[in-house]
1. Mind checking the per residue accessible area of segment 1-53 for me, 1.4 Å probe, whole number of Å²?
2. Expected output is a single nm value to one decimal: the length gained when fully extending between ASP64 and ARG17, i.e. 0.36 nm times separation in residues minus the C-alpha distance. What is it?
3. Subtracting the Cα-Cα distance from 0.36 nm times the residue separation, let me have the gained length for VAL30 to SER8 in nm, one decimal.
Amino acid sequence: MPRTLFVSNISSRTAERDLEFEFERYGEVVRCEMPGRKGYAFVEFEDRRDAEDAFKEMHKRYIDGRSIDVEWARSGLSSRDRRSPSPPIHRYRRKRSRSPSEERDRDRR
């Protein structure tokens, strides 16, 4: 059974330590990480039963004026996530138009 929760819809005013404090009431928190302060976090508990209690009790609880969402994490925070996020990949990129000077150079060839 998983021990890590994915918490989303976190206010930008909520600090990592404040979020950890809110979850500590359910048991020992191994780690609480908010990568990049993007409104989500991973909270990992020492014991799965504590994670279950937090899962049930913290979902939709208000912290700093926002109702947080709590789900089971699909996977923990990987080393890739700890680095700065890479820019989004766009499937459909707009092609750059050629300038008139590039077209003239191409026509001369």
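The values are calculated or read from the model by the stated rules, or taken from the named source; none is laboratory data. This one's a predicted model, so the numbers in the text were calculated from it and none came from an experiment. For the accessible areas, the whole protein counts, side chains as well, though only heavy atoms, and no ligand, DNA or RNA atoms are used. Shrake-Rupley method; radii C 1.70, N 1.55, O 1.52, S 1.80 Å.
1. On the way: 2840 Å² over 53 residues.
In whole numbers, segment 1-53 has 54 Å² accessible per residue.
2. Details: separation 47, 0.36 × 47 = 16.92 nm, distance 1.31 nm.
Fully extending the segment from ASP64 to ARG17 adds 15.6 nm.
3. On the way: separation 22, 0.36 × 22 = 7.92 nm, distance 1.85 nm.
Here the answer is 6.1 nm.
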